[in-house]
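Taking it in order: structure first as structure tokens, then the write-up.
The values are calculated or read from the model by the stated rules, or taken from the named source; none is laboratory data. None of the values given here were measured: they were computed from a predicted structure. Note that we place each Cβ from the backbone using ideal geometry, even for glycine, and neighbour counts take in every protein chain shown. For accessibility, only protein heavy atoms count, side chains too; no ligands or nucleic acids. Shrake-Rupley method; radii C 1.70, N 1.55, O 1.52, S 1.80 Å.
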Amino acid sequence: MSNARAVYSKVAAPRKLEAVYAHRWDLFPYLMVVMVLLTLVAIFHVWSRVKVIDLNLQLAESSRTLKEQQQEQNRLTLEVASLKNPARVEVLAKGELGMALPTEQQVVVVK
């Protein structure tokens, strides 16, 4: 019988294992809260990276549009300067409109 007691004393008591399992289930709500928080942080991180990429694409498109508009403005400024050239205006006035420089008798000086 003493031999049976020695073997029995080496076996883990069932009550101790039940306490360990019960302790594990006590941690389950905390583990779930941690998992939900980690999931939310991961989703926020992915969303923010997607937003940054989208804003970079919009910025690149805006920069391209700005560059095109500046080139168009420069082209139009050059065109205005060429159209305002006095020599060109005189050629058009004489050729297409039949105008001529006024004579001395046609000029009236106002004082």
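Would you call ALA60 open to solvent by less than 100 Å² (accessible area, probe 1.4 Å) and touching a helix residue (DSSP H, G or I) at 6+ places or on another chain (Cβ under 7 Å)?
Numbers: open to solvent by less than 100 Å² (accessible area, probe 1.4 Å): yes; touching a helix residue (DSSP H, G or I) at 6+ places or on another chain (Cβ under 7 Å): no.
It is false that ALA60 is open to solvent by less than 100 Å² (accessible area, probe 1.4 Å) and touching a helix residue (DSSP H, G or I) at 6+ places or on another chain (Cβ under 7 Å).
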- Selection status of ALA13, at pLDDT below 85, surrounded by 10 or more Cβ atoms within 10 Å (Cβ to Cβ) and small (Gly, Ala, Ser): yes
